[in-house]
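Engineer: To start, I am sharing the structure in question, which I have written as structure tokens.
The values are calculated or read from the model by the stated rules, or taken from the named source; none is laboratory data. Owing to the predicted nature of the structure, the values given are computational and were not obtained by experimental measurement. Quick reminder, even Gly has a Cβ in these numbers, built from the backbone with ideal geometry, and neighbours come from all protein chains shown.
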Amino acid sequence: MKKYLKSIFLMVATGTLMISCDSDDNDPQVPTSDENIVEVAVGSQDLTTLVAALQRADLVGALEADGNFTVLAPSNAAFEAFLAANDDFDSLEDIPVEILQQVLLNHVIPGSNAALSSSDLAVAGSGYASTLADGPSAGSKITTYFNTSSGVRFNGVSSVTTADIGASNGIVHIVDAVIPLPTVVTFATADPNFSTLVSALTELTPETDFVSLLSTPNGETSTPFTVFAPVDTAFDKLDAIPEEELLTSILAHHVITGSNVRAEDINDGDISSATFEGDNLTFSVTGNGAISITDGSGQTDINVILGNVQAANGVIHALDTVMIPNTEEEVEEED
């Protein structure tokens, strides 16, 4: 019987869904090794491009260091496909070092006590974990989403092909695709809890290109974004999905442009800057850090149930209720 308990839990105060280990015991299913992660990669014929990328990005030392890293290692074929699909880069040498660094760090999950084995991920089923890639605000780190419903898949684009390669400072999982730096759209489309939201943002509001807007790279106009994202059960509270004109206003009421507002930035009584729709939001924060919102219509008890899902161009906070702007039209909720 395992001597450690692995669990998944929600920290609303910090807004992070974490995989944790209650001890520093290693998963007995993962072979141990005296070689560090870089040495393991050097010894693999399928990871030669990754080794070259780490050298170009000056990240060899970071992954030789002591730690509990989970590395999602793109295969040679994954890098080849990544370069073929990118019109700007024909080779690793064409990628600016600072961009290459962040893309590679997006494949590294640090651990306080232990790295993540495939069995850890399978027990959790799905969730989010912070990588070492930098987010758009000081100190923020980009998140990755994993789902094990059909193999182990990250951000909906990259699957583990060889799992649980042990190293002295972590675990390597070889993946079949390079994981691009995610936008807020990446997480909305990858996480099935946002399926109704995605439908609302696309086929139900064809006159507004929300996807292009929310895919805007950080540093361009309107970025970064703070997105308050209702989960599917939030939409279930509505008697019906509104018609396009009102639905467009409702969706815009969930987006703040030009600011990466993380959970720790929100204080009790704060009033947001205007949403993309135009109204403001008012926040309440309890002593344990739980965040609730009063929307533009005055509706209260809208709760952040998962915060700080950090993308490269903004941050997502999942909500249990759809927010309504200040409008004469009403969207009735079920009793």
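Engineer: Looking at segment 230-239, can you tell me whether even one residue there is closer than 22 Å to residue 295 by Cα, of a type outside the set (D, E, K, R) and without any contact (Cβ under 8 Å) to a residue 24 or more places away in the chain?
Structural biologist: no
Engineer: So, in segment 10-65, how many residues would count as being modelled with pLDDT under 95, among the hydrophobic types (A, V, I, L, M, F, W, C) and under 15 Å from residue 172 (Cβ atoms)? Break it down stepwise before answering.
Structural biologist: Going through segment 10-65, the residues modelled with pLDDT under 95 turn out to be 10-34.
With the extra rule that they be among the hydrophobic types (A, V, I, L, M, F, W, C), the set shrinks to 10-13, 17-19, 21, 30.
Checking the rest, the ones that are also under 15 Å from residue 172 (Cβ atoms) come to 30.
Matching residues across segment 10-65 total 1.
Engineer: Give the number of residues within segment 273-282 that are in contact (Cβ under 8 Å) with a residue 40 or more places away in the chain and surrounded by 14 or more Cβ atoms within 10 Å (Cβ to Cβ).
Structural biologist: Adding up the residues that qualify gives 4.
Engineer: Hey, among 129, 122, 177, which residue is within 13 Å of the chain's Cα centre (by Cα) and hydrophobic (A, V, I, L, M, F, W, C)?
Structural biologist: Working: 122 fails: within 13 Å of the chain's Cα centre (by Cα); 177 fails: within 13 Å of the chain's Cα centre (by Cα).
Residue meeting the stated conditions: 129.
Engineer: Turning to a different aspect of this structure: Filter segment 47-72 for residues that are surrounded by 18 or more Cβ atoms within 10 Å (Cβ to Cβ), farther than 20 Å from residue 114 by Cα and hydroxyl-bearing (Ser, Thr, Tyr) and give the result.
Structural biologist: 49
Engineer: For segment 283-296, what are the residues that are at pLDDT 95 or above and crowded, with 16+ Cβ neighbours inside 10 Å?
Structural biologist: 283, 284, 285, 291, 292, 293, 294, 295, 296
Engineer: Filter the strands (runs of 3 or more DSSP E) completely within segment 131-187 down to those with at least 2 residues that are in contact (Cβ under 8 Å) with a residue 12 or more places away in the chain and among the aromatic types (Phe, Trp, Tyr).
Structural biologist: Numbers: elements: 141-147, 158-167, 170-175.
Because the criterion is at least 2 residues that are in contact (Cβ under 8 Å) with a residue 12 or more places away in the chain and among the aromatic types (Phe, Trp, Tyr), the strands (runs of 3 or more DSSP E) in segment 131-187 that meet it are 141-147.
Engineer: Condition first: surrounded by 15 or more Cβ atoms within 10 Å (Cβ to Cβ), in a helix (DSSP H, G or I) and not aliphatic (A, V, I, L, M). Now tell me which residues in segment 77-97 satisfy that.
Structural biologist: 79, 82
Engineer: Looking for something within 15 Å of the chain's Cα centre (by Cα), surrounded by 14 or more Cβ atoms within 10 Å (Cβ to Cβ) and outside the structural domain of residue 157 (by TED's automatic domain parsing) - is there at least one such residue anywhere in segment 193-207?
Structural biologist: Within segment 193-207 (the criterion being within 15 Å of the chain's Cα centre (by Cα), surrounded by 14 or more Cβ atoms within 10 Å (Cβ to Cβ) and outside the structural domain of residue 157 (by TED's automatic domain parsing)), the answer is yes, since at least one residue qualifies.
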